[in-house]
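Just passing along the structure, written as structure tokens.
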């Protein structure tokens, strides 16, 4: 016996994992930005790359899901920012500005996508709006021959002919379209239904139909067809086509409360008109995006709420008398918005030189004979020749999708994946979205309060919503990586049992020793870790 | 997370299988302190949670020599080990006493005061879980006022305030006194680095959450430690030569009640007692702040 008893063996034989009643694991929650992005962008992913000053990689990751970042960085309604958990801490991240910067960087550096050789398969894409562009681009990237048809001279659809230049610079658009259409055979001025029809496309292996929704709804009132009463969308198209449209000292009334109405009103104002927007409900019910409404209100444009046109008359001097009802809100409609009701005896008259109707748009069904809507809102394709129908795919605003650019882009990209699978003869499965997003209750704010995190970035000249590269990196540094591990070592450092193991790209619990105390999950800054079967949810 | 060196001494030396309770603060502290001190270390430990949970004979968690000594003899034994090492020419080895609050505030106080007065070249670390947790949660002189323990039950909560061990040790004019918390690991490791580099007696007082003794959720150990610092119940500071005091963390002045409410041991406290604790905390923090400001002028 030694003078002192000595322990020479270690304790690792003692597998304390057997004490455990709950186990740490990944919760699999999505960051709110990724969760809410209609285009399916991995926003958290490219913010992380920006943080590491890897803008080329950020561009690559972003354009895997959205080929139009410079466009979307300008026109998207950025739902990515709505639920940003940074809201509960200081202010949300300016994700849209970061996206725009990455997109512009791609444009400035004239980046091209490396395209594979095309194979034998050929796909026709009809409609060069956001959905058609995305579908054509991703199919071409997949090695498919793509022929794209559009009734207009320029590709872009609503991006070129609908969105005003003060919201989307034409040079940026054209530069981005050039990249997106690289390798795609674009056939301009080809209108489906008049210049060609679906039957002539039988030699294609698949056909993607994305002709959008650009037929203005008619107001269906007396005088709705008078000269001087015009579709707002047609007006935007004329302006965006470069036609000289003059409205100096004219009085314009815009009917409607959607995004088109906002664009029409602001465009008319820029052309010299005095503008009044008449909407039959209140600001709360306006279908336009909140930001567009704010911008509309910031301009010297008159807004008349709870007003609906009853009839329009032409005066002898050619001017228009718009006789309107005052309205009040009644019971909610099926869509949840309260129905406007006429208040009797409140009619009044507005005088205008031009009236623009912007009360919504419908898809153009004249493109194929027999095309109608089924009762559930989807298109009834039963009258289409079966040889075409079997390889026909639809996308964009022709479907009952939310009518936004990112939704259309996603619809085009998903269609490209679906068509690619169809061409290979394999079944297509839509990737399932995790059901939950990481909310503020998942975030350990105390961690972010302690690390020296950048202040909300601003551009050098102070323009709201615009960042330079350094500013975008600062902004990316504010990201809290909600629900996604960012390898901060918090779980590793705080484990009393050293039972968290670093693995490439993250951590794993060593279940031989993890006692299930739950400190790792409680302290995880981003809410990535959770406990299963125990007290920490 | 930080720019500090990658401390992986324990992780690369089979530091697994100890028998501490889930969520134990002491084992988090022990691992990070050893990570900084490295292999050239001897640990001297009296009876206490750490000694019991280090392993069952003949096994030990520690990747360095770990000497178990009598409860009251920690400081003397550490001084003895130091003398032995010095005589065999191993002055580079750090001797660390690793003792709980019972062995430090109560039972080992005399020996500790003696080595402090002699300024022995020892790093004395007290992991403070504010009672004799290992033997069944009996109160110690580190237990705060108004706290439940098995010897201060709900009908007679502890009525005496916690002993200010840091002031006592600083009053010995030893080279270095520091407080640290497992919730602030960068601060903790920086202080251990500083202590390691200093010769003479260095005293570190570490806040050590104890889920069974504090009647708290094991998952909350770090949250509680953080709130103790943020509420100024356990401020982070260091004192050089018993004079210059430096607060090492600017707390965000969380209410003491936020700290109390996560722990069952405080649930019998009356509102008045909680308010008294809040004002006592404010007073002692104000005094620390004053010394911090004055020390800045002295520098």
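Along each of its three principal axes, how wide is the spread of alpha-carbon positions in the range B:232-299, in whole angstrom units, largest first?
So the three principal-axis extents are 44, 21, 18 Å.
Next up: Which whole-number percent of Cα pairs in the range B:145-201 have a distance greater than 15 Å?
Working: 1030 of 1596 pairs.
Here the long-distance tail beyond 15 Å is 65 percent of all Cα pairs in the range B:145-201.
If we restrict to alpha carbons, what Rg and Dmax does chain A come to, in Å?
Computed over the Cα atoms of chain A, radius of gyration and Dmax are 28.1, 123 Å.
Also, quick follow-up: Round to the nearest 0.05 the FRET efficiency obtained for residue B:57 and residue A:182 when R0 = 56 Å and r is the Cβ-Cβ distance.
Step by step, r from the Cβ atoms, then E = 0.15.
Taking each pair of different alpha-carbon atoms in the range A:472-519 once, compute 1/r for the pair, average those values, and report the inverse of that mean as the Kirkwood hydrodynamic radius in Å to one decimal.
12.2
Next question, about the same structure. How many nm is it between the label spots at residue A:382 and residue A:313, if each spot is 7 Å from the Cα in line with the beta carbon?
Here the answer is 4.8 nm between the modelled labels.
Between residue B:286 and residue B:244, how high is the FRET efficiency from 1/(1 + (r/R0)^6) when r is the Cβ-Cβ distance and R₀ = 22 Å? Nearest 0.05.
So, using R0 = 22 Å, E works out to roughly 0.75.
Quick check: the angle from helix A:259-270's long axis to the longest principal axis of chain A, C-alpha only, nearest 10 degrees?
Compared with the principal axis, the helix lies near 60 degrees.
Still on this model: Taking the beta-carbon count within 10 Å as an exposure proxy, list A:100, B:269, A:341 from fewest neighbours to most.
Neighbour counts put them in this order, fewest first: A:341, B:269, A:100.
Now for a separate question. Output the antiparallel fraction of DSSP beta bridges having both residues in the protein assembly as shown, as a percent to the nearest 5.
40
Could you state the number of Å between the C-alpha centres of the range A:262-296 and the range B:124-173?
69
For the range A:1-118, what is the convex hull volume of the alpha-carbon atoms per residue, in Å³?
Given the Cα convex hull of the range A:1-118, per-residue volume reads 294 Å³.
Counting alpha carbon pairs within less than 8 Å and at least 6 residues apart, what relative contact order, in whole percent, applies to the range A:218-359?
RCO, the range A:218-359: 31 percent.
First measure r as the distance between the Cβ atoms of residue A:113 and residue A:373, then evaluate 1/(1 + (r/R0)^6) with R0 = 22 Å and state the FRET efficiency to the nearest 0.05. If you can, show how the numbers build up before the last one.
Numbers: r = 37 Å, r/R0 = 1.66.
With a Förster radius of 22 Å, E is 0.05.
Looking at the range A:218-359 from every direction and averaging, what is the projected area of its Cα convex hull in nm²?
8.7
As I understand it, the value is the acute angle between the Cα axis of helix A:170-180 and the longest principal axis of the Cα atoms of chain A; what does it come to in degrees, rounded to 10?
60
Provide B:98, A:19, A:13, B:214 in ascending order of the number of other Cβ atoms located within 10 Å of each residue's Cβ, fewest first. List each step's numbers first, then the result.
Details: B:98 28, A:19 15, A:13 9, B:214 25.
Least crowded to most crowded, the residues run A:13, A:19, B:214, B:98.
For the range B:96-178, what's the relative contact order in percent, using C-alpha pairs closer than 8 Å and at least 6 residues apart?
27
So what's the range B:25-298 giving for Rg/Rh, alpha carbon basis, Kirkwood Rh from the mean inverse pair distance?
0.95
For the range A:382-422, what mean projected area does the convex hull of the alpha carbons give, in nm²?
On the way: hull surface 12.8 nm².
Convex hull of Cα atoms, orientation-averaged projection: 3.2 nm².
A follow-up question, please. Roughly what angle does helix A:130-141 make with the longest principal axis of chain A, taking Cα atoms, 0 to 90 degrees, to the nearest 10?
50
Quick one: of the DSSP bridges fully inside the range B:25-298, what percent are antiparallel, nearest 5?
30
Given Cα pairs under 8 Å that are at least 6 residues apart, what percent is the relative contact order of the range A:285-439?
Over the range A:285-439, the number comes to 11 percent.
Then there's this: Would you please state the base-10 log of I(q)/I(0) at q = 0.11, 0.16 1/Å for the range B:132-287, with intensities from the Debye formula using one equal scatterer on every alpha carbon?
-0.44, -0.94
Need one number: nm distance between label points at residue B:92 and residue A:167, each 7 Å from Cα along Cα→Cβ, rounded to one decimal.
Going from the residue B:92 label point to the residue A:167 one covers 7.1 nm.
In addition: Would you mind ranking A:490, B:94, A:372 so that the residue whose beta carbon has the fewest other beta carbons within 10 Å leads the list?
Ascending Cβ contact count within 10 Å gives the list A:372, B:94, A:490.
A follow-up question, please. Sum -39500 (n - 2.57) across every DSSP H segment of at least 4 residues in chain A, then divide by the residue count to get the 222 nm mean residue ellipticity, nearest 500. List each step's numbers first, then the result.
Numbers: 17 runs with 149 residues, N = 537.
The helix-only estimate for chain A comes to -7500 deg cm²/dmol at 222 nm.
Quick one: if you stick a label point 7 Å off each Cα along the C-beta vector at residue A:153 and residue A:120, how many nm between them?
4.1
Every number here is computed from the coordinates shown, using simple stated rules; none is lab data. Remember, predicted model here, so these are calculated numbers, not experimental data. Here the Cβ is made from the backbone with ideal geometry for all residues, glycine too, and neighbour counts use every protein chain on show.
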